[in-house]
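Please read the structure below before turning to the comments.
The values are calculated or read from the model by the stated rules, or taken from the named source; none is laboratory data. The model shown is predicted, which means the values in this text are computed figures rather than measured ones. Neighbour counts run over all protein chains shown; Cβ positions are idealised from the backbone, glycine included.
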Amino acid sequence: MKKILVADDEMSIRLLYSEELKEEGYEVYQAANGREALEVVDKIPLDLVILDIKMPEMDGIEALRQIKEKRPDLPVILSTAYGEYKQDFATWASDEYLVKSSDLEDLKAVVKRYLKE
Amino acid sequence: MASERAAFLTQMVEVLTSTVSFGERLNNMVHLLARNLTVDLALYFGLDKARETLLLNVSSQGPVPPHMRLEFPLGQGLVGETASTRKFTIVHRRQPGVSAANAPLEKLHPAYQTLAAFPVADDNFLYGVLILVDREERSLTPTERQGVQLTCLMLAAALRQAIVQEEAKKRIAELSVLFEVGKALSSTVELDELLERIVSTTAKVITARGASLHIIDGATGEPRVSSRYGQIPPECPALPPIPPGAGSGEPPYFEKGSTDAAGHTHYCLAVPLTFKGQLTGTLGVYDKFNPNGEYLPFDPENRQLLLTMAGVIVNAIENALTYQQVEDLAEKNERMVRSLTALQEISQVMLTSVQEERLQEIILQGLTQEHGLGFDRAVVLMVDEATQTLRGAKAACRSPANRNLPNLKALQVPPPEMIPVSDWEIPIRVDQGPLALAVLRKSSYHHHQTAKEPGLPPALEGKFAAQEFFVVPLVVKDHATGVILVDNQASGRPLEPERLHALQMFTTQAALVLENAHLYSTIETNNRELLLIRERMLESDRLAALSSLASGMAHEIRNPLVSIGGFARRIAKLVEPNSPLRGYVEVIQEEVTRLEKLLREILDFTGENLSYYGDHELAKLIEDTLILVQRDLDAYKIKVAREFALLPRLHCDDRQMKQVFYNLFQNAIQAMAHGGTLTIRTYPVERSDGLYAAASISDTGSGIPMEVLHNIFNPFFSTKDYGTGLGLAIAQRIISRHYGQIEVNNEIGKGVTFIVTLPVAKYCLVKDAGQAAVPASVFKAP
């Protein structure tokens, strides 16, 4: 079973993403900020990370940088309420950049594309 | 014997002290002597004024006829010797040399034998010689001699008295003449009147028929003044200036007599007038006459009198000349003060306005009003730099002074318009006369009819005519901005040179004020532009503030919306298809979707999205966008008509450009809810700054109501029940980012056409050129 980490400071978003992805047949881990996300990356052999950008303690951009340092092969999808971070070069290290939407079909399609055997 | 002597002396004293005239007394005395001494003849020879000759004055035989007038030079004959020695002498004819020396006396007494001579003298002065002549050779007794000598002494005293009296009389006469002259001189300081009085008084005093006076400027030889009185005979020469030392004695004079055809001899006498300065002059009299009307020559006394008068009148004339100069100066001064006051008042009024046209009116008023410079006509012409011509700006003619208004107010009343001058156009070239020259040479001109130079330029033929005029340039910082033209054509008054000075002073002021007004209007224009820019900047500031507020809110809302929408979808999956809950959940889903769409639009508008610039074909962009709205076009039965020209590629952000067309298509579709035709055309547009590609999108709807047309590009303005009202605002924003324009052609009842014009790649600046340099390997479009 593929392992996905959902990192978002909004509990409701974590819950929504987890429920949806579990339904798709993934094992889902959760983190409330960048620091927690890095801990999970260290412990669990993850297959994909969904990162929010605006988070307390450590934001998604810093987390992205460190994750790519540790595991350059690990796909990271940035999922954010903000479109303008696209202009931040640091976000270009991510594999995908998605603006959050209540319709999760796009997200699920992208995840599926990366986790396809 | 003694009583005889006493009787004789008594008689002599009686004769000498009698009140009859001196000549009579002398006569009587000579007779008395001849009778008492019983001699044949008693003669009195008087010493002449030159004190050189002794003339026979009186004879005891009666009046001396002219041919009997004897004279002896001093020292010659008994008469002359006695005058020299002043001693009593008695001689007899038989004595040697007597007859020869005294031969002239034989005329009076051919047979004389005895001559007795007595000097008539006092202590220091010899008046004459008394001679007693007798046919007998005889001598005089001492008594007789003493008697005669005593008589001679008395005679000398009488003569002295007579001379003094004569001199006193002359003095009195002279004084009275001087008094007359003085009276005449002091009665007036008017030069002309004074000169008239001088010549008339001179003529009267000298009893001459005419008198004249000339004064010339010694330095230049130009006559200064002259005056004449009475009759000046044509025979008399014009009076020459009299050089010092002219005439036989001191001081100089000129005297001449000439005879006319009728045999009358006309005399003239002239003396110099010597002034302190460079002036010289001549005072002359003509034709002296006696009470019987006979012409007489002038005598030395006349000459003396004339000289005295000349001395007196010189001062008076000098004073009068000075007075006249002072008066001239005073008048000039007064005129100057008047001009300066007028100028000062006009300047004060000129400071009340900064409007060029109003100022020109005030300037014209100042030039033409009586209180101002008072010219008959005045025209202001301004230089047109672009065409290098002088153009008529404004003109006015002389207006009567407005007595009801104070001067300062009167100057502010617009002057009556004269002839129109707006069509005056004079090329600024040297061959165009003083108006153009005044600009080119920055100098004033005074044109007279007699001037050789050309007058008004051909451009003014039939529009303006003047024989004499002034042209003064309006010069500011060594640059002529226009000219002022004035004349006195209507009244024919001459243009005096001082008026030109006043006009020049005035023009200097006017030029400055006009320049100020010009600068002021430039500043005003700039200010208006700045205000406009500021307003636009404020507007964009407001938009920016609104953007940041909207953006902040949008982001905050997005997370909860995702949760609400996401969970609603999850619920929807769990709800039975026919459960009433399904509808409710769908409402939540739809509303969230709508809100999310709104958020996207707002964030698009606030510039969240990146630009992806590349070279794109306009037709392709349009076709791609049409695919997105194909479903709606089909649903509303809208036909599409295409008319694409072959165009170069555009450098643009294709996604943004598709957004523009998408929004425009959406509007068109909504305008044609009951079907219609969407016409899309592309075509090239050539403008001065380069080549543009245009796309027009026309619908066949009902058009945009006029009352909302001006609002369609405003953000958040919408006539629809749905939509954010951002569609056209976003479109406009994107187009302007691409340095293009969007226009609307609205025909009520027929439809709307939007025209998008975009610059073709090579010819325009690319705002976000840096973006194109991003390496594709790092950057992956979502």
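Key figures for this structure:
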{"read-out": "Complete set of residues in region A:1-31 that are more than 12 Å from every other protein chain (Cβ to nearest Cβ) and either touching a residue at least 60 places away in the same chain (Cβ under 8 Å) or in a helix (DSSP H, G or I) (or both)", "value": "A:Lys2, A:Ile4, A:Glu24, A:Tyr26"}
{"read-out": "Candidate set from region B:94-119 (those that are modelled with pLDDT under 90 and in contact with a helix residue (DSSP H, G or I) (Cβ under 6 Å, 6 or more places away or on another chain)); member that is nearest to B:Glu136 (Cα to Cα)", "value": "B:Asn102"}
{"read-out": "So B:Ala568, is it at pLDDT 90 or above and either among the hydroxyl-bearing types (Ser, Thr, Tyr) or not assigned by TED's automatic domain parsing to the domain that holds B:Pro684 (or both)", "value": "yes"}
{"read-out": "Check on B:Ala438, outside any strand (DSSP E or B), closer than 21 Å to B:Gly366 by Cβ and out of contact with any Pro (no Cβ under 8 Å at 6 or more places or on another chain)", "value": "no"}
{"read-out": "So B:Val513, is it within 14 Å of chain A (Cβ to nearest Cβ), of a type in the set (A, V, I, L, M, F, W, C) and surrounded by 15 or more Cβ atoms within 10 Å (Cβ to Cβ)", "value": "no"}
{"read-out": "Hits in region B:302-341 - residues which are more than 31 Å from the chain's Cα centre (by Cα) and small (Gly, Ala, Ser)", "value": "B:Ala310, B:Gly311, B:Ala316"}
{"read-out": "Residue check for B:Arg499: crowded, with 19+ Cβ neighbours inside 10 Å and within 14 Å of another protein chain (Cβ to nearest Cβ)", "value": "no"}
{"read-out": "Hits in region B:113-148 (condition: surrounded by 15 or more Cβ atoms within 10 Å (Cβ to Cβ) and in a helix (DSSP H, G or I))", "value": "B:Glu144, B:Arg145, B:Gly147, B:Val148"}
{"read-out": "Hits in region B:466-501 - residues which are closer than 16 Å to B:Arg377 by Cα and touching a helix residue (DSSP H, G or I) at 6+ places or on another chain (Cβ under 7 Å)", "value": "B:Phe470, B:Val471, B:Val472, B:Val483, B:Ile484, B:Leu485, B:Val486"}
{"read-out": "Residue in region B:162-177 that is under 19 Å from B:Leu115 (Cβ atoms) and modelled with pLDDT of 80 or more present", "value": "no"}
{"read-out": "Criterion violated by B:Ala156 - all others in (1) out of contact with any Asp or Glu (no Cβ under 6 Å at 6 or more places or on another chain); (2) in a helix (DSSP H, G or I) satisfied", "value": "(1)"}
{"read-out": "Matching strands (runs of 3 or more DSSP E) fully within region B:613-679 where at least 2 residues are within 12 Å of B:Ala695 (Cα to Cα) and in the same structural domain as B:Thr700 (by TED's automatic domain parsing)", "value": "B:638-644"}
{"read-out": "Residue match in region B:713-731 (condition: assigned by TED's automatic domain parsing to the domain that holds B:Thr625, in contact with a Lys or Arg (Cβ under 8 Å, 6 or more places away or on another chain) and at pLDDT 80 or above)", "value": "no"}
{"read-out": "Selected residue [at pLDDT below 85, over 60 Å from the mean Cα position of the chain (by Cα) and either more than 10 Å from chain A (Cβ to nearest Cβ) or in a helix (DSSP H, G or I) (or both)] from B:Glu601, B:Glu586, B:Glu591, B:Glu576", "value": "B:Glu601"}
{"read-out": "Residue satisfying condition, being among the hydroxyl-bearing types (Ser, Thr, Tyr), more than 12 Å from chain A (Cβ to nearest Cβ) and surrounded by fewer than 17 Cβ atoms within 10 Å (Cβ to Cβ), within set B:Ser540, B:Ser548", "value": "B:Ser540"}
{"read-out": "Total residues in region B:558-573, condition of a type in the set (Val, Ile, Thr) and either more than 12 Å from chain A (Cβ to nearest Cβ) or surrounded by fewer than 17 Cβ atoms within 10 Å (Cβ to Cβ) (or both)", "value": "1"}
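Conditions (1) closer than 23 Å to B:Ile419 by Cβ; (2) in contact with a Leu (Cβ under 8 Å, 6 or more places away or on another chain); (3) not in a helix (DSSP H, G or I), marked per residue:
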position	(1), (2), (3)
B:Pro473	yes, no, yes
B:Gly482	yes, yes, yes
B:Ala490	yes, no, yes
B:His501	no, no, no
B:Thr508	no, no, no
B:Val513	no, yes, no
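Quick grid of which residues meet (1) under 14 Å from the mean Cα position of the chain (by Cα); (2) more than 23 Å from B:Ile557 (Cβ to Cβ):
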residue	(1), (2)
A:Ala32	yes, no
A:Ile44	no, yes
A:Glu57	no, yes
A:Glu62	yes, yes
A:Ile67	yes, yes
A:Gly83	no, no
A:Val111	yes, yes
